[in-house]
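In what follows, a structure is listed as C-alpha coordinates, so that the remarks can point back to it.
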Amino acid sequence: MKVKNEMKLQLKSRSVNEGYARMAVSAFACELDPNVEELNDIKTAVSEAVTNCIVHAYNNELGTIYITVKLLENSTVEIKIRDRGCGIEDVKQAMTPLFTTLGGDRSGLGFSVMESFSDSLKVTSKKGKGTTVTIVKRIKGKASF
Amino acid sequence: MKANAEVTIKTEKKTVTAVLSGEIDHHSAPPIRQAIDEAVIVFEPEELVLDFGLVSFMDSSGIGLVMGRYRLLEDMKCKLSVINLSSHAFKVMKLAGLDKIANLTKGGDSYEGKK
(Lines give C-alpha, C1' and ligand atoms only; values in the text may rest on other atoms or scores of the structure.)
Protein backbone atom coordinates (compact mmCIF):
# COMPACT_ATOMS: atom_id res chain seq x y z
CA MET A 1 0.00 0.00 0.00
CA LYS A 2 1.27 3.44 -0.96
CA VAL A 3 2.46 5.72 1.80
CA LYS A 4 0.68 9.08 1.77
CA ASN A 5 2.61 10.71 4.57
CA GLU A 6 5.28 9.72 7.03
CA MET A 7 6.68 11.01 10.32
CA LYS A 8 9.71 9.96 12.33
CA LEU A 9 10.05 10.87 15.96
CA GLN A 10 12.88 10.18 18.37
CA LEU A 11 12.43 10.62 22.11
CA LYS A 12 14.41 10.02 25.27
CA SER A 13 12.87 7.35 27.47
CA ARG A 14 11.64 9.80 30.09
CA SER A 15 8.12 9.28 31.38
CA VAL A 16 7.18 12.90 30.63
CA ASN A 17 7.50 11.95 26.94
CA GLU A 18 4.56 9.51 27.13
CA GLY A 19 2.23 12.47 26.76
CA TYR A 20 4.23 14.13 23.95
CA ALA A 21 4.45 10.85 22.02
CA ARG A 22 0.72 10.14 22.02
CA MET A 23 -0.12 13.75 21.24
CA ALA A 24 2.33 13.95 18.33
CA VAL A 25 1.19 10.66 16.79
CA SER A 26 -2.51 11.39 17.17
CA ALA A 27 -2.06 14.91 15.77
CA PHE A 28 -0.23 13.50 12.74
CA ALA A 29 -2.98 10.91 12.16
CA CYS A 30 -5.56 13.70 11.98
CA GLU A 31 -4.92 13.98 8.24
CA LEU A 32 -6.99 10.77 7.92
CA ASP A 33 -9.88 12.52 9.67
CA PRO A 34 -10.41 10.07 12.54
CA ASN A 35 -13.35 10.35 14.90
CA VAL A 36 -12.84 11.04 18.63
CA GLU A 37 -12.98 7.36 19.56
CA GLU A 38 -10.34 6.38 17.00
CA LEU A 39 -8.12 9.21 18.14
CA ASN A 40 -8.39 8.03 21.74
CA ASP A 41 -7.62 4.46 20.64
CA ILE A 42 -4.43 5.66 18.90
CA LYS A 43 -3.39 7.78 21.90
CA THR A 44 -3.93 4.87 24.27
CA ALA A 45 -2.07 2.30 22.18
CA VAL A 46 0.91 4.68 21.73
CA SER A 47 0.92 5.50 25.43
CA GLU A 48 1.08 1.79 26.32
CA ALA A 49 3.89 1.04 23.87
CA VAL A 50 5.98 4.05 24.92
CA THR A 51 5.45 3.23 28.62
CA ASN A 52 6.72 -0.30 27.93
CA CYS A 53 9.91 1.16 26.40
CA ILE A 54 10.49 3.33 29.47
CA VAL A 55 9.52 0.88 32.20
CA HIS A 56 10.65 -2.41 30.69
CA ALA A 57 13.02 -2.00 27.74
CA TYR A 58 15.24 0.64 29.33
CA ASN A 59 14.26 -0.25 32.90
CA ASN A 60 14.13 3.42 33.89
CA GLU A 61 17.59 4.14 32.46
CA LEU A 62 17.89 6.67 29.66
CA GLY A 63 17.60 5.30 26.14
CA THR A 64 16.06 6.36 22.85
CA ILE A 65 12.57 5.51 21.60
CA TYR A 66 12.11 5.53 17.82
CA ILE A 67 8.63 6.12 16.48
CA THR A 68 7.66 5.92 12.80
CA VAL A 69 4.12 6.77 11.71
CA LYS A 70 2.93 6.04 8.18
CA LEU A 71 -0.40 7.16 6.79
CA LEU A 72 -1.36 4.73 4.05
CA GLU A 73 -3.63 5.42 1.09
CA ASN A 74 -6.32 3.01 2.29
CA SER A 75 -6.97 5.25 5.30
CA THR A 76 -4.81 3.20 7.60
CA VAL A 77 -2.24 4.38 10.10
CA GLU A 78 0.78 2.23 10.83
CA ILE A 79 2.74 3.08 13.98
CA LYS A 80 6.10 1.48 14.71
CA ILE A 81 7.59 1.97 18.16
CA ARG A 82 11.09 0.63 18.55
CA ASP A 83 13.66 0.54 21.34
CA ARG A 84 17.17 -0.74 21.74
CA GLY A 85 16.53 -1.98 25.25
CA CYS A 86 16.70 -5.33 26.99
CA GLY A 87 14.29 -7.18 24.71
CA ILE A 88 11.58 -9.62 25.72
CA GLU A 89 12.57 -13.23 26.34
CA ASP A 90 9.09 -14.69 25.86
CA VAL A 91 6.85 -12.43 23.78
CA LYS A 92 3.84 -14.73 24.09
CA GLN A 93 4.06 -14.67 27.86
CA ALA A 94 4.56 -10.89 27.91
CA MET A 95 1.36 -10.50 25.90
CA THR A 96 -0.71 -12.68 28.22
CA PRO A 97 -3.35 -10.53 29.93
CA LEU A 98 -2.42 -9.63 33.52
CA PHE A 99 1.15 -10.91 33.14
CA THR A 100 3.61 -8.39 34.55
CA THR A 101 7.18 -8.62 35.76
CA LEU A 102 6.80 -5.52 37.90
CA GLY A 103 3.84 -5.84 40.24
CA GLY A 104 2.86 -2.76 42.20
CA ASP A 105 0.22 -0.83 40.32
CA ARG A 106 1.19 -2.17 36.88
CA SER A 107 -1.92 -3.90 35.60
CA GLY A 108 -0.24 -6.29 33.16
CA LEU A 109 -2.73 -5.19 30.53
CA GLY A 110 -0.59 -2.97 28.30
CA PHE A 111 -0.48 -5.37 25.37
CA SER A 112 -4.16 -6.32 25.84
CA VAL A 113 -5.10 -2.66 25.57
CA MET A 114 -2.89 -2.18 22.47
CA GLU A 115 -4.43 -5.28 20.91
CA SER A 116 -8.04 -4.36 21.51
CA PHE A 117 -7.61 -0.73 20.43
CA SER A 118 -5.91 -1.54 17.13
CA ASP A 119 -6.72 -3.64 14.08
CA SER A 120 -3.45 -5.50 14.24
CA LEU A 121 -0.53 -5.65 16.63
CA LYS A 122 2.83 -7.19 15.90
CA VAL A 123 5.61 -7.54 18.45
CA THR A 124 9.12 -8.62 17.50
CA SER A 125 11.86 -8.75 20.07
CA LYS A 126 15.37 -9.98 20.54
CA LYS A 127 16.92 -10.43 23.95
CA GLY A 128 19.57 -7.76 24.51
CA LYS A 129 18.78 -6.02 21.20
CA GLY A 130 15.38 -4.46 21.66
CA THR A 131 11.73 -4.63 20.74
CA THR A 132 9.59 -3.34 17.88
CA VAL A 133 5.85 -2.94 18.29
CA THR A 134 3.80 -2.34 15.13
CA ILE A 135 0.28 -1.05 15.59
CA VAL A 136 -2.04 -0.85 12.60
CA LYS A 137 -5.32 1.02 12.82
CA ARG A 138 -7.88 1.56 10.06
CA ILE A 139 -9.54 4.93 10.22
CA LYS A 140 -13.22 4.91 9.34
CA GLY A 141 -13.72 8.43 10.63
CA LYS A 142 -17.17 9.89 10.60
CA ALA A 143 -18.40 7.10 8.34
CA SER A 144 -18.53 4.84 11.39
CA PHE A 145 -21.27 6.87 13.03
CA MET B 1 6.51 19.78 32.00
CA LYS B 2 4.76 19.36 35.33
CA ALA B 3 2.62 16.31 35.97
CA ASN B 4 -0.32 16.63 33.63
CA ALA B 5 -2.86 15.26 36.07
CA GLU B 6 -4.11 16.37 39.46
CA VAL B 7 -6.25 15.10 42.29
CA THR B 8 -8.43 16.91 44.81
CA ILE B 9 -9.49 14.98 47.87
CA LYS B 10 -12.85 15.70 49.53
CA THR B 11 -14.11 14.04 52.66
CA GLU B 12 -17.68 13.96 53.84
CA LYS B 13 -18.91 11.77 56.69
CA LYS B 14 -17.61 8.32 55.89
CA THR B 15 -16.87 8.96 52.22
CA VAL B 16 -13.59 10.01 50.63
CA THR B 17 -13.98 11.41 47.12
CA ALA B 18 -10.93 11.82 44.90
CA VAL B 19 -11.62 14.13 41.97
CA LEU B 20 -9.08 13.36 39.26
CA SER B 21 -8.28 15.65 36.37
CA GLY B 22 -6.03 15.73 33.32
CA GLU B 23 -4.23 12.87 31.64
CA ILE B 24 -3.62 9.71 33.64
CA ASP B 25 -0.62 7.71 32.51
CA HIS B 26 2.46 6.07 33.98
CA HIS B 27 4.06 9.52 34.38
CA SER B 28 1.21 11.20 36.23
CA ALA B 29 -0.30 8.32 38.25
CA PRO B 30 2.16 7.93 41.18
CA PRO B 31 1.47 11.23 43.04
CA ILE B 32 -2.28 10.71 42.57
CA ARG B 33 -2.04 7.23 43.99
CA GLN B 34 -0.09 8.49 46.97
CA ALA B 35 -2.56 11.28 47.77
CA ILE B 36 -5.53 8.89 47.62
CA ASP B 37 -3.84 6.24 49.75
CA GLU B 38 -2.87 8.78 52.42
CA ALA B 39 -6.47 10.03 52.62
CA VAL B 40 -7.85 6.49 52.86
CA ILE B 41 -5.41 5.52 55.59
CA VAL B 42 -6.08 8.67 57.62
CA PHE B 43 -9.89 8.79 57.28
CA GLU B 44 -10.68 5.04 57.09
CA PRO B 45 -13.83 5.72 55.04
CA GLU B 46 -16.69 3.34 54.31
CA GLU B 47 -16.63 4.35 50.68
CA LEU B 48 -13.96 5.63 48.30
CA VAL B 49 -15.26 7.44 45.23
CA LEU B 50 -12.90 8.03 42.32
CA ASP B 51 -14.39 10.80 40.18
CA PHE B 52 -13.04 10.65 36.60
CA GLY B 53 -15.23 13.49 35.33
CA LEU B 54 -12.32 15.81 34.53
CA VAL B 55 -10.00 13.13 33.15
CA SER B 56 -9.23 13.86 29.51
CA PHE B 57 -7.12 10.77 28.82
CA MET B 58 -6.40 7.45 30.48
CA ASP B 59 -4.33 4.41 29.53
CA SER B 60 -3.82 1.17 31.47
CA SER B 61 -2.23 3.17 34.30
CA GLY B 62 -5.82 4.12 35.15
CA ILE B 63 -6.63 0.41 35.44
CA GLY B 64 -3.64 -0.01 37.76
CA LEU B 65 -4.83 2.95 39.81
CA VAL B 66 -8.27 1.41 40.39
CA MET B 67 -6.92 -2.14 40.90
CA GLY B 68 -4.30 -0.97 43.39
CA ARG B 69 -6.87 0.99 45.42
CA TYR B 70 -9.18 -2.04 45.41
CA ARG B 71 -6.39 -4.12 46.94
CA LEU B 72 -5.81 -1.49 49.61
CA LEU B 73 -9.52 -1.31 50.47
CA GLU B 74 -10.08 -5.07 50.49
CA ASP B 75 -9.11 -5.44 54.15
CA MET B 76 -10.84 -2.24 55.24
CA LYS B 77 -14.51 -3.03 54.53
CA CYS B 78 -14.54 0.00 52.25
CA LYS B 79 -16.62 0.19 49.09
CA LEU B 80 -15.07 1.43 45.84
CA SER B 81 -16.96 3.45 43.25
CA VAL B 82 -15.64 4.94 40.04
CA ILE B 83 -17.86 7.65 38.63
CA ASN B 84 -18.22 10.06 35.69
CA LEU B 85 -16.19 7.88 33.32
CA SER B 86 -15.88 9.02 29.73
CA SER B 87 -16.89 6.36 27.23
CA HIS B 88 -13.18 5.84 26.49
CA ALA B 89 -12.20 5.37 30.13
CA PHE B 90 -15.23 3.11 30.63
CA LYS B 91 -14.10 0.99 27.66
CA VAL B 92 -10.57 0.67 29.09
CA MET B 93 -11.87 -0.31 32.55
CA LYS B 94 -14.42 -2.79 31.21
CA LEU B 95 -11.65 -4.42 29.21
CA ALA B 96 -9.82 -5.05 32.47
CA GLY B 97 -12.94 -6.43 34.13
CA LEU B 98 -12.96 -3.66 36.72
CA ASP B 99 -16.76 -3.71 36.70
CA LYS B 100 -16.44 -6.90 38.77
CA ILE B 101 -14.56 -5.24 41.62
CA ALA B 102 -15.92 -1.70 41.60
CA ASN B 103 -19.13 0.13 40.91
CA LEU B 104 -18.46 1.84 37.51
CA THR B 105 -20.65 4.63 36.18
CA LYS B 106 -20.25 6.77 33.09
CA GLY B 107 -20.65 10.53 33.09
CA GLY B 108 -24.30 11.46 32.89
CA ASP B 109 -25.40 8.20 34.53
CA SER B 110 -27.08 8.73 37.86
CA TYR B 111 -25.01 7.91 40.88
CA GLU B 112 -26.17 7.64 44.42
CA GLY B 113 -23.66 6.70 47.06
CA LYS B 114 -25.10 3.62 48.74
CA LYS B 115 -23.87 2.89 52.18
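The values are calculated or read from the model by the stated rules, or taken from the named source; none is laboratory data. Quantities reported herein were computed from a predicted structural model and do not represent experimental measurements. All Cβ positions, even for glycine, are placed from backbone atoms using ideal geometry, and neighbour counts span all protein chains on display. Surface accessibility is based on the protein's heavy atoms, side chains included, excluding ligands, DNA and RNA. Shrake-Rupley method; radii C 1.70, N 1.55, O 1.52, S 1.80 Å.
Could you check how many residues of the stretch A:25-36 are part of a helix (DSSP H, G or I) and touching a residue at least 40 places away in the same chain (Cβ under 8 Å)? Break it down into steps so the answer makes sense when it comes.
From the stretch A:25-36, those part of a helix (DSSP H, G or I) are A:25-32, A:36; that's our starting set.
Filter once more, so that each one left must be touching a residue at least 40 places away in the same chain (Cβ under 8 Å): A:25, A:28-29, A:31-32.
Residues that pass the stated criteria total 5.
Inclusion of residue A:42 among residues that are outside any helix (DSSP H, G or I) and open to solvent by less than 10 Å² (accessible area, probe 1.4 Å) is not warranted. Among the residues here, residue A:63 does not qualify as within 13 Å of chain B (Cβ to nearest Cβ) and not aliphatic (A, V, I, L, M). All conditions in (1) within 14 Å of chain A (Cβ to nearest Cβ); (2) surrounded by fewer than 20 Cβ atoms within 10 Å (Cβ to Cβ); (3) under 22 Å from residue A:21 (Cα atoms) hold for residue B:54, with the sole exception of (1).
Considering the stretch B:5-27 alone, what residues qualify as being more than 20 Å from residue B:71 (Cβ to Cβ) and among the small types (Gly, Ala, Ser)? Before you say what the answer is, go through the steps one by one.
Taking the stretch B:5-27 as the starting set, the residues that turn out to be more than 20 Å from residue B:71 (Cβ to Cβ) are B:5-6, B:8, B:10-14, B:19, B:21-23, B:25, B:27.
Correct list: B:5, B:21, B:22.
If I filter the stretch A:115-126 for residues that are closer than 28 Å to residue B:70 by Cβ and open to solvent by less than 20 Å² (accessible area, probe 1.4 Å), do I get at least one hit? Looking for residues that are closer than 28 Å to residue B:70 by Cβ and open to solvent by less than 20 Å² (accessible area, probe 1.4 Å), one finds at least one in the stretch A:115-126, hence yes.
This table checks each residue for (1) closer than 18 Å to residue A:29 by Cβ; (2) in contact (Cβ under 8 Å) with a residue 24 or more places away in the chain.
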position	(1), (2)
A:59	no, yes
A:62	no, yes
A:71	yes, yes
A:88	no, yes
A:105	no, no
A:112	no, no
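Here B:33, B:69 are screened, and the one residue that is within 14 Å of another protein chain (Cβ to nearest Cβ), in contact with a strand residue (DSSP E or B) (Cβ under 8 Å, 6 or more places away or on another chain), assigned to a helix (DSSP H, G or I) and of a type outside the set (Val, Ile, Thr) is B:69.
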